[in-house]
Amino acid sequence: MRTVRALQRLRGVLVRPCPPPLFVRSWSVAQSQSFSSSSAEKPMPGNSMLRHLTSKIKATGPISVAEYMREVLTNPVMGYYVQNDMLGPDGDFITSPEISQIFGELLGIWCLSEWMGAGKPSRFQLVEFGPGRGSLANDILRVFSQLRGALGGAAVSVHLVEVSPKLSQVQAQFLTGDQSQVSASEDEPVYRQGTTTTGLPISWYRNLDDVPRGFSIYLAHEFFDALPIHKFQGTEKGWREVMVDIDPDEPGKLRLVIVPAPTLASTQLIQADEKRRHVEVCPEGGVIVQRLANRITEDGGAALIADYGHDGTKMDTFRGFKGHKLHDVLASPGSADLTADVDYSYLRRMAGATVACMGPVSQKDFLKNMGIDTRLQVLLRNCADPSTRAQLIQGYDMLTNPLKMGERFQFFTMLNHSRLTRPEPEQSKGGKKMAPVPKKGPAPLPVAGFSELGLS
(Lines give C-alpha, C1' and ligand atoms only; values in the text may rest on other atoms or scores of the structure.)
Protein backbone atom coordinates (compact mmCIF):
# COMPACT_ATOMS: atom_id res chain seq x y z
CA MET A 1 0.00 0.00 0.00
CA ARG A 2 2.91 2.41 0.52
CA THR A 3 3.43 2.44 -3.27
CA VAL A 4 -0.21 3.43 -3.80
CA ARG A 5 0.04 6.19 -1.19
CA ALA A 6 3.17 7.52 -2.88
CA LEU A 7 1.31 7.61 -6.22
CA GLN A 8 -1.52 9.54 -4.62
CA ARG A 9 0.90 12.09 -3.15
CA LEU A 10 2.64 12.80 -6.47
CA ARG A 11 1.34 16.01 -7.93
CA GLY A 12 -0.55 15.57 -11.18
CA VAL A 13 1.86 17.66 -13.25
CA LEU A 14 3.00 16.84 -16.76
CA VAL A 15 6.65 17.86 -16.64
CA ARG A 16 7.69 17.05 -20.20
CA PRO A 17 5.85 16.09 -23.40
CA CYS A 18 6.00 12.66 -24.96
CA PRO A 19 8.14 12.42 -28.11
CA PRO A 20 6.68 11.76 -31.55
CA PRO A 21 6.37 8.08 -32.50
CA LEU A 22 9.74 6.55 -33.32
CA PHE A 23 11.18 3.11 -33.86
CA VAL A 24 11.91 1.51 -30.51
CA ARG A 25 14.68 -1.03 -30.83
CA SER A 26 12.77 -3.63 -28.82
CA TRP A 27 9.78 -3.81 -31.15
CA SER A 28 11.17 -5.97 -33.94
CA VAL A 29 12.86 -9.32 -33.85
CA ALA A 30 16.12 -9.13 -35.75
CA GLN A 31 16.27 -10.87 -39.06
CA SER A 32 18.19 -14.15 -38.90
CA GLN A 33 21.74 -14.17 -40.21
CA SER A 34 23.75 -16.83 -41.97
CA PHE A 35 27.00 -17.41 -40.17
CA SER A 36 28.93 -17.82 -43.40
CA SER A 37 27.57 -14.73 -45.15
CA SER A 38 29.21 -11.33 -45.21
CA SER A 39 27.66 -7.94 -44.49
CA ALA A 40 25.37 -6.78 -47.27
CA GLU A 41 25.97 -3.06 -46.94
CA LYS A 42 29.01 -1.49 -48.54
CA PRO A 43 31.48 -0.20 -45.93
CA MET A 44 31.71 3.54 -45.41
CA PRO A 45 34.72 5.08 -47.16
CA GLY A 46 37.52 5.72 -44.71
CA ASN A 47 35.85 3.75 -41.90
CA SER A 48 38.65 3.83 -39.32
CA MET A 49 36.95 1.24 -37.10
CA LEU A 50 36.74 -1.21 -40.01
CA ARG A 51 40.44 -0.70 -40.78
CA HIS A 52 41.26 -1.23 -37.11
CA LEU A 53 39.27 -4.47 -36.97
CA THR A 54 40.66 -5.89 -40.22
CA SER A 55 44.22 -5.16 -39.03
CA LYS A 56 43.50 -6.96 -35.77
CA ILE A 57 42.01 -9.98 -37.56
CA LYS A 58 44.92 -10.15 -40.01
CA ALA A 59 47.33 -10.18 -37.07
CA THR A 60 45.58 -12.63 -34.75
CA GLY A 61 42.89 -14.45 -36.76
CA PRO A 62 39.10 -14.30 -36.31
CA ILE A 63 37.89 -12.45 -33.21
CA SER A 64 34.99 -13.36 -30.95
CA VAL A 65 31.68 -11.52 -31.26
CA ALA A 66 32.37 -10.27 -27.73
CA GLU A 67 35.65 -8.66 -28.79
CA TYR A 68 33.97 -7.22 -31.87
CA MET A 69 31.20 -5.63 -29.77
CA ARG A 70 33.69 -4.31 -27.21
CA GLU A 71 35.78 -2.60 -29.87
CA VAL A 72 32.85 -1.24 -31.87
CA LEU A 73 30.93 0.11 -28.87
CA THR A 74 33.53 1.19 -26.32
CA ASN A 75 36.89 1.61 -28.04
CA PRO A 76 38.24 4.73 -26.26
CA VAL A 77 38.99 6.52 -29.54
CA MET A 78 36.47 5.27 -32.10
CA GLY A 79 33.76 3.51 -30.07
CA TYR A 80 30.10 4.12 -30.89
CA TYR A 81 29.19 5.00 -27.28
CA VAL A 82 32.28 7.18 -26.92
CA GLN A 83 31.72 9.24 -30.08
CA ASN A 84 27.95 9.47 -30.43
CA ASP A 85 24.80 10.81 -28.80
CA MET A 86 22.65 7.91 -29.95
CA LEU A 87 19.39 8.63 -28.12
CA GLY A 88 16.22 10.44 -29.12
CA PRO A 89 14.76 11.59 -32.46
CA ASP A 90 18.16 12.41 -33.97
CA GLY A 91 19.84 9.25 -32.67
CA ASP A 92 19.51 5.55 -33.43
CA PHE A 93 16.92 4.48 -30.86
CA ILE A 94 14.63 5.77 -28.12
CA THR A 95 14.16 4.33 -24.63
CA SER A 96 11.26 4.15 -22.18
CA PRO A 97 12.25 7.21 -20.07
CA GLU A 98 12.15 9.35 -23.24
CA ILE A 99 8.70 7.99 -24.14
CA SER A 100 6.88 8.98 -20.94
CA GLN A 101 7.71 10.61 -17.63
CA ILE A 102 5.45 8.02 -15.94
CA PHE A 103 8.08 5.32 -16.48
CA GLY A 104 10.74 7.13 -14.44
CA GLU A 105 8.24 8.24 -11.81
CA LEU A 106 7.18 4.65 -11.13
CA LEU A 107 10.80 3.53 -10.88
CA GLY A 108 11.40 6.37 -8.43
CA ILE A 109 8.56 5.06 -6.29
CA TRP A 110 10.04 1.55 -6.56
CA CYS A 111 13.37 2.85 -5.24
CA LEU A 112 11.65 4.54 -2.30
CA SER A 113 9.60 1.43 -1.59
CA GLU A 114 12.69 -0.78 -1.41
CA TRP A 115 14.53 1.75 0.76
CA MET A 116 11.56 1.67 3.15
CA GLY A 117 11.40 -2.12 2.98
CA ALA A 118 15.04 -2.25 4.06
CA GLY A 119 14.27 -0.28 7.23
CA LYS A 120 15.00 3.26 5.94
CA PRO A 121 18.82 3.30 6.22
CA SER A 122 20.32 6.69 7.07
CA ARG A 123 22.41 6.72 3.86
CA PHE A 124 20.81 6.02 0.48
CA GLN A 125 22.84 5.78 -2.72
CA LEU A 126 21.01 5.77 -6.06
CA VAL A 127 23.31 4.11 -8.62
CA GLU A 128 22.41 3.99 -12.32
CA PHE A 129 24.32 2.15 -15.05
CA GLY A 130 24.40 3.74 -18.50
CA PRO A 131 22.09 6.68 -17.74
CA GLY A 132 21.59 7.76 -21.37
CA ARG A 133 20.63 11.45 -21.45
CA GLY A 134 19.74 11.38 -17.74
CA SER A 135 15.97 11.30 -18.31
CA LEU A 136 15.35 8.36 -15.98
CA ALA A 137 17.48 9.81 -13.19
CA ASN A 138 15.79 13.20 -13.62
CA ASP A 139 12.29 11.72 -13.26
CA ILE A 140 13.36 9.68 -10.22
CA LEU A 141 14.94 12.70 -8.54
CA ARG A 142 11.77 14.70 -9.14
CA VAL A 143 9.84 11.98 -7.27
CA PHE A 144 12.39 12.10 -4.44
CA SER A 145 11.95 15.88 -4.27
CA GLN A 146 8.15 15.74 -4.22
CA LEU A 147 8.18 12.97 -1.60
CA ARG A 148 11.02 14.48 0.43
CA GLY A 149 9.05 14.02 3.62
CA ALA A 150 9.01 10.26 3.10
CA LEU A 151 12.83 10.23 2.94
CA GLY A 152 13.07 11.93 6.32
CA GLY A 153 16.63 12.92 7.06
CA ALA A 154 18.28 10.26 4.89
CA ALA A 155 21.50 11.31 3.18
CA VAL A 156 20.68 10.67 -0.48
CA SER A 157 23.36 10.75 -3.17
CA VAL A 158 23.43 9.93 -6.89
CA HIS A 159 26.10 7.84 -8.61
CA LEU A 160 26.20 7.35 -12.39
CA VAL A 161 28.30 4.67 -14.11
CA GLU A 162 28.99 6.03 -17.61
CA VAL A 163 31.84 5.25 -20.04
CA SER A 164 30.92 7.89 -22.62
CA PRO A 165 32.50 11.33 -22.04
CA LYS A 166 30.01 12.87 -24.48
CA LEU A 167 26.97 11.41 -22.74
CA SER A 168 28.30 12.35 -19.30
CA GLN A 169 28.37 15.98 -20.47
CA VAL A 170 24.75 15.69 -21.64
CA GLN A 171 23.75 14.11 -18.32
CA ALA A 172 25.59 16.75 -16.30
CA GLN A 173 23.93 19.61 -18.14
CA PHE A 174 20.49 18.02 -17.78
CA LEU A 175 20.79 17.00 -14.12
CA THR A 176 22.92 19.80 -12.66
CA GLY A 177 22.75 22.74 -15.08
CA ASP A 178 26.24 24.19 -14.69
CA GLN A 179 26.77 22.76 -11.20
CA SER A 180 29.34 20.06 -12.04
CA GLN A 181 33.10 19.93 -12.47
CA VAL A 182 35.38 17.51 -14.31
CA SER A 183 38.20 16.00 -12.26
CA ALA A 184 41.67 17.41 -12.87
CA SER A 185 43.12 13.97 -13.65
CA GLU A 186 41.65 11.39 -16.03
CA ASP A 187 42.90 8.68 -13.66
CA GLU A 188 40.55 9.75 -10.84
CA PRO A 189 37.89 7.11 -10.03
CA VAL A 190 35.33 9.94 -9.86
CA TYR A 191 35.77 11.81 -13.13
CA ARG A 192 32.97 14.33 -12.63
CA GLN A 193 31.13 15.66 -9.55
CA GLY A 194 28.40 18.16 -8.90
CA THR A 195 25.03 18.96 -7.33
CA THR A 196 21.70 18.11 -8.95
CA THR A 197 19.05 20.75 -9.52
CA THR A 198 17.21 19.16 -6.59
CA GLY A 199 20.22 19.71 -4.31
CA LEU A 200 21.72 16.22 -4.11
CA PRO A 201 25.41 15.34 -4.55
CA ILE A 202 26.06 13.51 -7.82
CA SER A 203 29.19 11.73 -9.12
CA TRP A 204 30.25 9.95 -12.32
CA TYR A 205 32.36 6.77 -12.57
CA ARG A 206 33.59 4.52 -15.36
CA ASN A 207 32.88 1.23 -13.58
CA LEU A 208 31.06 -0.22 -10.60
CA ASP A 209 34.20 -0.92 -8.56
CA ASP A 210 34.77 2.83 -8.16
CA VAL A 211 31.30 3.48 -6.69
CA PRO A 212 31.48 3.84 -2.86
CA ARG A 213 30.21 0.93 -0.79
CA GLY A 214 27.06 1.35 1.25
CA PHE A 215 23.31 0.80 1.04
CA SER A 216 22.40 1.32 -2.62
CA ILE A 217 19.56 0.91 -5.05
CA TYR A 218 21.09 -0.08 -8.39
CA LEU A 219 19.26 0.57 -11.66
CA ALA A 220 20.26 -0.89 -15.03
CA HIS A 221 17.81 0.11 -17.76
CA GLU A 222 18.87 -0.98 -21.25
CA PHE A 223 22.40 -1.54 -19.99
CA PHE A 224 23.00 -5.30 -20.03
CA ASP A 225 21.81 -5.65 -23.65
CA ALA A 226 24.83 -3.68 -24.88
CA LEU A 227 27.44 -5.74 -23.02
CA PRO A 228 29.57 -8.03 -25.25
CA ILE A 229 28.25 -11.53 -25.94
CA HIS A 230 29.88 -14.73 -27.13
CA LYS A 231 27.88 -16.68 -29.73
CA PHE A 232 27.96 -20.46 -29.97
CA GLN A 233 26.57 -22.98 -32.44
CA GLY A 234 25.89 -26.64 -31.73
CA THR A 235 27.49 -28.93 -34.34
CA GLU A 236 27.96 -32.66 -34.84
CA LYS A 237 31.38 -32.27 -33.21
CA GLY A 238 30.09 -30.31 -30.21
CA TRP A 239 29.80 -26.62 -29.41
CA ARG A 240 31.75 -24.24 -31.62
CA GLU A 241 32.14 -20.49 -31.31
CA VAL A 242 30.82 -18.04 -33.90
CA MET A 243 33.49 -15.45 -34.68
CA VAL A 244 34.08 -12.41 -36.88
CA ASP A 245 36.45 -12.80 -39.83
CA ILE A 246 37.40 -10.98 -43.04
CA ASP A 247 35.43 -12.04 -46.11
CA PRO A 248 38.05 -13.65 -48.40
CA ASP A 249 36.05 -12.70 -51.50
CA GLU A 250 35.68 -9.05 -50.46
CA PRO A 251 38.52 -8.01 -48.11
CA GLY A 252 36.72 -4.76 -47.28
CA LYS A 253 33.87 -6.67 -45.64
CA LEU A 254 33.47 -8.79 -42.53
CA ARG A 255 31.58 -12.05 -42.07
CA LEU A 256 30.48 -14.40 -39.28
CA VAL A 257 32.06 -17.85 -39.30
CA ILE A 258 31.90 -20.97 -37.15
CA VAL A 259 35.44 -21.84 -36.11
CA PRO A 260 36.31 -25.53 -36.57
CA ALA A 261 38.02 -26.14 -33.22
CA PRO A 262 36.79 -25.55 -29.65
CA THR A 263 37.76 -22.26 -27.99
CA LEU A 264 38.25 -21.56 -24.29
CA ALA A 265 34.87 -19.81 -24.27
CA SER A 266 33.04 -22.70 -25.97
CA THR A 267 34.42 -25.16 -23.42
CA GLN A 268 33.71 -22.98 -20.37
CA LEU A 269 30.51 -20.99 -20.97
CA ILE A 270 27.99 -23.60 -22.17
CA GLN A 271 25.88 -25.45 -19.60
CA ALA A 272 26.06 -29.25 -19.76
CA ASP A 273 22.26 -29.54 -20.00
CA GLU A 274 21.86 -26.87 -22.71
CA LYS A 275 19.08 -27.85 -25.14
CA ARG A 276 19.25 -24.95 -27.60
CA ARG A 277 21.35 -25.29 -30.76
CA HIS A 278 22.48 -21.67 -30.74
CA VAL A 279 23.40 -19.81 -27.55
CA GLU A 280 24.53 -16.29 -26.64
CA VAL A 281 26.39 -15.78 -23.36
CA CYS A 282 27.41 -12.47 -21.76
CA PRO A 283 30.22 -13.16 -19.26
CA GLU A 284 30.70 -9.44 -18.53
CA GLY A 285 27.07 -9.26 -17.48
CA GLY A 286 27.63 -12.28 -15.24
CA VAL A 287 30.60 -10.61 -13.55
CA ILE A 288 28.65 -7.39 -12.91
CA VAL A 289 25.74 -9.36 -11.45
CA GLN A 290 28.11 -11.22 -9.13
CA ARG A 291 29.60 -7.94 -7.93
CA LEU A 292 26.13 -6.49 -7.40
CA ALA A 293 25.10 -9.60 -5.46
CA ASN A 294 28.16 -9.23 -3.24
CA ARG A 295 27.43 -5.57 -2.54
CA ILE A 296 23.75 -6.22 -1.83
CA THR A 297 24.63 -9.07 0.52
CA GLU A 298 27.25 -7.11 2.46
CA ASP A 299 25.89 -3.54 2.31
CA GLY A 300 22.15 -4.00 1.77
CA GLY A 301 20.07 -2.63 -1.04
CA ALA A 302 18.56 -3.95 -4.26
CA ALA A 303 19.18 -4.04 -8.00
CA LEU A 304 16.53 -3.56 -10.67
CA ILE A 305 17.41 -4.67 -14.20
CA ALA A 306 15.06 -3.71 -17.04
CA ASP A 307 15.82 -4.81 -20.57
CA TYR A 308 14.42 -6.75 -23.46
CA GLY A 309 15.29 -10.34 -22.78
CA HIS A 310 14.18 -13.89 -22.13
CA ASP A 311 14.47 -16.62 -19.53
CA GLY A 312 16.87 -18.93 -21.34
CA THR A 313 14.67 -19.64 -24.37
CA LYS A 314 15.87 -17.46 -27.26
CA MET A 315 18.81 -18.15 -29.55
CA ASP A 316 20.00 -15.65 -32.19
CA THR A 317 19.17 -12.12 -30.97
CA PHE A 318 22.33 -10.20 -31.94
CA ARG A 319 21.34 -7.15 -34.00
CA GLY A 320 22.19 -3.56 -34.87
CA PHE A 321 20.20 -0.31 -34.92
CA LYS A 322 20.88 2.84 -36.88
CA GLY A 323 18.53 5.75 -37.51
CA HIS A 324 15.70 3.89 -35.75
CA LYS A 325 15.97 0.94 -38.16
CA LEU A 326 17.50 -2.51 -38.01
CA HIS A 327 21.07 -2.47 -39.30
CA ASP A 328 23.49 -5.21 -40.37
CA VAL A 329 25.73 -5.85 -37.35
CA LEU A 330 28.84 -6.11 -39.53
CA ALA A 331 28.24 -3.13 -41.84
CA SER A 332 30.11 0.13 -41.18
CA PRO A 333 31.20 -0.88 -37.66
CA GLY A 334 31.12 2.01 -35.20
CA SER A 335 28.22 3.76 -36.92
CA ALA A 336 25.38 1.76 -35.32
CA ASP A 337 24.30 0.42 -31.96
CA LEU A 338 24.84 -3.31 -31.30
CA THR A 339 22.66 -5.22 -28.90
CA ALA A 340 21.46 -8.69 -27.84
CA ASP A 341 18.57 -9.83 -25.66
CA VAL A 342 19.45 -10.37 -22.00
CA ASP A 343 19.35 -14.00 -20.81
CA TYR A 344 17.86 -13.64 -17.33
CA SER A 345 18.33 -17.33 -16.56
CA TYR A 346 22.08 -16.76 -16.93
CA LEU A 347 22.01 -13.66 -14.70
CA ARG A 348 20.06 -15.58 -12.05
CA ARG A 349 22.61 -18.41 -12.18
CA MET A 350 25.50 -15.96 -11.84
CA ALA A 351 23.87 -14.19 -8.88
CA GLY A 352 23.77 -17.47 -6.99
CA ALA A 353 22.10 -18.06 -3.66
CA THR A 354 23.60 -15.07 -1.85
CA VAL A 355 20.70 -12.83 -2.95
CA ALA A 356 16.99 -13.32 -3.57
CA CYS A 357 16.04 -13.02 -7.24
CA MET A 358 12.58 -12.20 -8.57
CA GLY A 359 11.42 -12.13 -12.18
CA PRO A 360 11.66 -11.66 -14.99
CA VAL A 361 8.18 -10.18 -15.33
CA SER A 362 6.99 -8.31 -18.41
CA GLN A 363 7.19 -4.52 -18.49
CA LYS A 364 3.40 -4.44 -18.90
CA ASP A 365 2.86 -6.43 -15.70
CA PHE A 366 5.54 -4.55 -13.76
CA LEU A 367 4.18 -1.10 -14.64
CA LYS A 368 0.58 -2.12 -14.04
CA ASN A 369 1.57 -3.61 -10.67
CA MET A 370 3.28 -0.30 -9.90
CA GLY A 371 0.07 1.63 -10.66
CA ILE A 372 0.68 3.08 -14.12
CA ASP A 373 -3.08 3.19 -14.77
CA THR A 374 -3.63 5.27 -11.63
CA ARG A 375 -0.81 7.66 -12.50
CA LEU A 376 -2.04 8.08 -16.08
CA GLN A 377 -5.53 9.02 -14.86
CA VAL A 378 -4.07 11.61 -12.46
CA LEU A 379 -2.11 13.24 -15.29
CA LEU A 380 -5.08 13.17 -17.65
CA ARG A 381 -7.34 14.80 -15.05
CA ASN A 382 -4.85 17.65 -14.70
CA CYS A 383 -4.24 18.10 -18.42
CA ALA A 384 -6.70 20.05 -20.59
CA ASP A 385 -4.67 20.21 -23.81
CA PRO A 386 -6.01 17.60 -26.30
CA SER A 387 -2.62 17.15 -27.99
CA THR A 388 -0.82 16.51 -24.69
CA ARG A 389 -3.55 14.12 -23.56
CA ALA A 390 -3.16 12.17 -26.82
CA GLN A 391 0.61 12.00 -26.28
CA LEU A 392 0.14 10.68 -22.74
CA ILE A 393 -2.15 7.92 -23.99
CA GLN A 394 0.24 7.15 -26.84
CA GLY A 395 3.17 6.86 -24.42
CA TYR A 396 1.15 4.57 -22.15
CA ASP A 397 0.34 2.36 -25.16
CA MET A 398 3.98 2.17 -26.25
CA LEU A 399 5.09 1.13 -22.75
CA THR A 400 2.39 -1.44 -22.03
CA ASN A 401 1.06 -2.78 -25.34
CA PRO A 402 2.16 -6.44 -25.66
CA LEU A 403 2.80 -5.88 -29.38
CA LYS A 404 5.18 -2.98 -28.65
CA MET A 405 7.29 -2.79 -25.47
CA GLY A 406 4.89 -4.40 -23.02
CA GLU A 407 6.05 -8.01 -23.45
CA ARG A 408 9.49 -7.67 -25.03
CA PHE A 409 10.87 -5.76 -22.05
CA GLN A 410 11.38 -7.68 -18.83
CA PHE A 411 12.08 -6.62 -15.23
CA PHE A 412 14.32 -8.59 -12.86
CA THR A 413 15.43 -7.77 -9.32
CA MET A 414 18.05 -8.92 -6.82
CA LEU A 415 17.38 -8.32 -3.12
CA ASN A 416 19.06 -8.89 0.20
CA HIS A 417 17.47 -12.01 1.74
CA SER A 418 16.52 -10.00 4.82
CA ARG A 419 14.12 -7.99 2.64
CA LEU A 420 11.85 -11.03 2.28
CA THR A 421 11.74 -12.10 5.94
CA ARG A 422 9.98 -10.49 8.86
CA PRO A 423 12.15 -8.95 11.58
CA GLU A 424 12.70 -11.29 14.52
CA PRO A 425 10.04 -10.54 17.17
CA GLU A 426 11.15 -9.36 20.58
CA GLN A 427 11.96 -12.25 22.93
CA SER A 428 11.30 -10.30 26.12
CA LYS A 429 8.71 -7.85 27.35
CA GLY A 430 8.97 -5.71 30.45
CA GLY A 431 11.96 -7.71 31.62
CA LYS A 432 9.98 -10.93 31.45
CA LYS A 433 11.39 -13.60 29.15
CA MET A 434 8.90 -14.71 26.50
CA ALA A 435 8.57 -18.13 24.91
CA PRO A 436 10.64 -18.56 21.74
CA VAL A 437 8.75 -17.63 18.59
CA PRO A 438 9.38 -19.66 15.44
CA LYS A 439 10.86 -17.89 12.42
CA LYS A 440 8.26 -16.27 10.25
CA GLY A 441 7.76 -16.73 6.51
CA PRO A 442 7.78 -14.13 3.76
CA ALA A 443 7.15 -10.51 4.65
CA PRO A 444 3.52 -9.44 4.33
CA LEU A 445 4.42 -6.42 2.17
CA PRO A 446 5.18 -7.49 -1.41
CA VAL A 447 8.09 -6.31 -3.51
CA ALA A 448 6.56 -3.54 -5.60
CA GLY A 449 6.16 -4.31 -9.28
CA PHE A 450 6.58 -8.06 -8.93
CA SER A 451 3.12 -8.71 -7.50
CA GLU A 452 -0.22 -7.02 -7.93
CA LEU A 453 -0.94 -4.11 -5.61
CA GLY A 454 -4.21 -3.87 -3.74
CA LEU A 455 -5.76 -0.55 -4.75
CA SER A 456 -8.78 -0.70 -2.44
Pick out the one residue from 293, 272 that is in a helix (DSSP H, G or I) and among the hydrophobic types (A, V, I, L, M, F, W, C). 293
Would you check if there is a residue in region 419-437 being under 24 Å from the mean Cα position of the chain (by Cα), closer than 30 Å to residue 301 by Cα and at pLDDT 95 or above? no
Under 7 Å between Cβ atoms, which residue pairs at least 6 apart in sequence (or on different chains) link something in region 272-301 that is touching a residue at least 24 places away in the same chain (Cβ under 8 Å) with a partner that is in a helix (DSSP H, G or I) and exposed (fewer than 15 other Cβ atoms within 10 Å of the Cβ)? 293/352; 293/354; 297/354
Just the residues that are crowded, with 17+ Cβ neighbours inside 10 Å and of a type outside the set (A, V, I, L, M, F, W, C), please, taken from region 235-244. 240, 241
If you go through region 188-204 one residue at a time, do you hit one that is more than 30 Å from residue 297 (Cβ to Cβ), over 19 Å from the mean Cα position of the chain (by Cα), open to solvent by less than 30 Å² (accessible area, probe 1.4 Å) and free of Cβ contacts under 8 Å to residues at least 40 places away in the same chain? yes
Taking the stated definitions as given, is residue 255 under 25 Å from residue 80 (Cα atoms) and either among the polar types (S, T, N, Q) or open to solvent by 40 Å² or more (accessible area, probe 1.4 Å) (or both)? yes
Considering only region 121-139, how many residues are modelled with pLDDT of 95 or more and among the basic types (Lys, Arg)? 1
Does residue 212 fit the bill of being open to solvent by 30 Å² or more (accessible area, probe 1.4 Å), in contact with a His (Cβ under 9 Å, 6 or more places away or on another chain) and over 29 Å from residue 311 (Cβ atoms)? yes
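For (1) modelled with pLDDT of 95 or more; (2) in contact with a strand residue (DSSP E or B) (Cβ under 7 Å, 6 or more places away or on another chain), each residue gets a yes or a no:
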{"residue": "47", "(1), (2)": "no, no"}
{"residue": "64", "(1), (2)": "yes, yes"}
{"residue": "67", "(1), (2)": "yes, no"}
{"residue": "70", "(1), (2)": "yes, no"}
{"residue": "76", "(1), (2)": "no, no"}
{"residue": "81", "(1), (2)": "no, no"}
Name the residue that is farthest from residue 96 (Cα to Cα), counting only residues in region 115-160 that are of a type in the set (Val, Ile, Thr) and open to solvent by less than 10 Å² (accessible area, probe 1.4 Å). 158
For the list (1) open to solvent by less than 20 Å² (accessible area, probe 1.4 Å); (2) at pLDDT 95 or above; (3) within 18 Å of residue 72 (Cα to Cα), I need the number of the one condition that residue 226 fails. (2)
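The values are calculated or read from the model by the stated rules, or taken from the named source; none is laboratory data. The shown structure was predicted, so the numbers you read here are calculated from the model rather than taken from an experiment. Glycine also receives a Cβ, built like all others from the backbone with ideal geometry; neighbour counts cover every protein chain displayed. What goes into the accessible areas is simple: the full protein's heavy atoms, side chains included, and nothing from ligands, DNA or RNA. Shrake-Rupley method; radii C 1.70, N 1.55, O 1.52, S 1.80 Å.
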